[in-house]
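Q: Here you go, one structure.
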Amino acid sequence: MAPGQKAPDGNPPQTREITDRGADRSLDYDYSNFFWGAGDDLFDIFQPFEEWYREARPAGYYLFGLPMRTAPATRIDVIETKNNRELKNLINFASYNYLGLSYRPEVVEAVVEATRRYGSGASGSPILSGTIELHEQLTEKIARFKKKQDALVFPSGYSANLGVIAGLMRSGDLAITDQYAHASIVDGIILSKANVRYFRHNSIGDLERKLKGFQGKKLVIVEGVYSMDGDLAKLPEIVDVSKRYGARIMIDEAHSTFLFGKNGRGVAEHFGLEDEVDIHFGTFSKTLGGVGGFVVGSRALITYLKGFARSRVFSCALPPGVAAGLIKALEIVETEPELRSTLWENVEYIQNLLRRAGVDVGQSNSQVIPIMVRDDDRIFKIAEEMIHEGVYLNPVRYPAVGKHRSRFRISITAGHTKEQLAEGAEIIKRVLERHGLCR
């Protein structure tokens, strides 16, 4: 427990000053150590946190949020803030731009044209003055694409999960979700004040145990592709057990909509279960390269959420340029299915390269590929070497993943060339071999 932290029982812990531990030892702590703070003033936690972060940032935390000087394409230029220098032409394995749509000329032109016509922002809530014709067009197009009666668009994916879950669930209801559920799912459940039970990752037996014996309204929430491991939900089994116990089903397809399935409608389509899932969630910030979130389903569901999804009701609507860019990106998804084919060829290609090199990529069977390091102390050092040798990757450590589950997370896109993938895989292999992390 870190200096300045106060345990939940109110007793101050035994501490020593972080400044006596040295920069490397500062990585023994992380954000979770500063959740609680001693003292009666709300701001008392700031000083110990600042003392820690002053040493932790140059020791590795500076690697988060490095400013890019280019579009999130397959090669990028990045400012290394630790030394205030530009790193050029890095292979970008960190962006969610799975089909390379954010920088497509026709998408950019649609954004520019809409901005000239409608201005830079919607300047209002969607239920008041914020709705423009582009929002209506986007809503209709996403509902039609997903083969559902209606859709609702939110200003972000995070706000969409919050709005849907808290808009539907009430105190006394039961929300059941995978232990690896995204923070927006967890926060939506907390906000709803519903009872919550977490089942072990993809464990159908544990899901059934959590469902048993509860009388009342139940919602099972899973992800299509899990964003830290790249594996798919066992949706057929999840649907089967959920229906046997009378639970409604919601799927978060943030990393799978527009990619999986014959038509790109997601993991639910991939498994042939689109009509068995009650609530379909997705984001615009990944495959479509914009920003925002959406939910699709029955007209009755959407009509209800329009009144009760507070994160939408009390937020400004999407900027017109964003909405126009999303409409154009969705058109490209529908008219260029070869982009998905190229993506899956690239995924198979680099996974084979990495596995043959002895790199641990976990159980990924998607475009999200973890590079397992499992060393919280060394993850930042390895990340520094990666970026200096030409690959831009983000280190992931606790509390984003469990203790000793540190990793990198590769995002593969249709825009990557085979040469870029081979070069990137070789750099990853070389750096990991240096640290004895190739099997």
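Read-outs throughout are calculated quantities, based only on the coordinates presented, and are distinct from any laboratory measurement. Everything numeric here is computed off the predicted structure, so don't read it as measured data. Cβ atoms come from the backbone with ideal geometry, glycine included; neighbour counts cover every protein chain shown.
Q: State which helices in the chain qualify, where a helix is a whole DSSP H run, it must extend 30 Å or more along its own axis by its Cα atoms, and its mean Kyte-Doolittle hydropathy must be at least 1.6.
A: none
Q: Of the peptides 117-130, 385-398, how do they stack up when ordered by the mean number of other Cβ atoms within 10 Å, highest first?
A: Taking the mean over residues of other Cβ atoms within 10 Å, the ranking is 385-398, 117-130.
Q: Based on the Kirkwood radius over alpha-carbon pairs, what value in µm²/s does the Stokes-Einstein equation return for the translational diffusion coefficient of the range 105-335 at 37 °C and 0.692 mPa s?
A: Values: Rh = 17.8 Å.
Diffusion coefficient, whole number: 185 µm²/s.
Q: Quote to one decimal, in nm, the extra length available between residue 171 and residue 35 on full extension: 0.36 nm per residue of separation minus the C-alpha distance between them.
A: Gain in length upon complete extension: 46.4 nm.
Q: Still on this structure: Stokes-Einstein diffusion coefficient for the range 126-245 at 37 °C in a medium of 0.692 mPa s, Rh from the Kirkwood formula over Cα pairs: what value in µm²/s?
A: Translational D for this selection: 207 µm²/s.
Q: Can I ask one more? I'd like to compare 282-288, 30-36: which one has the highest average count of other Cβ atoms within 10 Å, and what's the full order after that?
A: 282-288, 30-36
Q: With +1 on each Lys and Arg Cβ and -1 on each Asp and Glu Cβ, and nothing else charged, work out how big the dipole of the chain is about its Cα centre, in Debye to the nearest 20.
A: Result for the chain is approximately 780 debye, rounded to the nearest 20.
Q: Here's another thing I want to ask about it. Shape verdict for the range 244-330, please, from the Cα gyration tensor: rounded (a/c under 1.5), prolate (a/b greater than b/c) or oblate.
A: oblate
Q: What's the Kirkwood radius of the range 283-439 in Å, using all Cα pairs?
A: Evaluated over the range 283-439, this radius sits at 18.3 Å.
Q: Using a cut-off of under 20 Å, list every residue of the range 99-119 whose amide N is near the label point 7 Å from the Cα of residue 144 along the Cα-to-beta-carbon line.
A: 107, 110-111, 114
Q: Rounded to the nearest 20 debye, what is the charge dipole size of the range 291-439 about its Cα centre when +1 sits on each Lys and Arg Cβ and -1 on each Asp and Glu Cβ?
A: Using only the charged Cβ atoms, the result is roughly 780 debye.
Q: So how do 338-346, 405-413 stack up, highest first, on mean other-Cβ count within 10 Å?
A: 405-413, 338-346
Q: Report the rotationally averaged projected area of the chain based on its alpha-carbon convex hull, in square nanometres.
A: Mean projected area of the Cα convex hull: 22.7 nm².
Q: May I have the extent of the alpha carbons of the range 347-416 along their three principal axes, as whole Å values ordered from largest to smallest?
A: That works out to 31, 27, 21 Å along the principal axes.
Q: Could you pull out the pairs from 141/243; 146/286; 286/429; 147/262; 306/328 whose alpha carbons sit more than 22 Å apart here?
A: 141/243; 286/429; 306/328
Q: Specify whether the C-alpha gyration tensor of the range 384-439 places it in the rounded, prolate or oblate class, a ≥ b ≥ c being the square roots of the eigenvalues: rounded for a/c under 1.5, otherwise prolate if a/b is larger than b/c and oblate if not.
A: The shape class here is oblate.
Q: Cα gyration tensor of the range 74-136, axes a ≥ b ≥ c as square roots of the eigenvalues: rounded (a/c below 1.5), prolate (a/b > b/c) or oblate?
A: Working: a/c = 2.84, a/b = 2.13, b/c = 1.34.
It is prolate, given that a/c is not under 1.5 and a/b is the larger ratio.
Q: Related question: Starting from the Cα of residue 300, step 7 Å along the direction of its Cβ; do the same at residue 136; then give the gap between the two resulting points in nm.
A: Reported label-point gap for residue 300 and residue 136 is 2.7 nm.
Q: Per DSSP H run of at least 4 residues, take -39500 (n - 2.57); add these up for the chain, divide by its residues and hand me the 222 nm value, nearest 500 deg cm²/dmol. Display every interim value, and only then the final one.
A: On the way: 14 runs with 162 residues, N = 439.
Counting only the DSSP helices, I get -11500 deg cm²/dmol.
Q: I want to make sure I understand the PRE zone here: with the label point 7 angstrom from the Cα of residue 378 toward its beta carbon, which residues in the range 337-362 have backbone N atoms less than 13 Å away?
A: Within reach of a label on residue 378: 360.
Q: Looking at the range 40-161 from every direction and averaging, what is the projected area of its Cα convex hull in nm²?
A: Seen from a random direction, the Cα hull of the range 40-161 projects 12.8 nm² on average.
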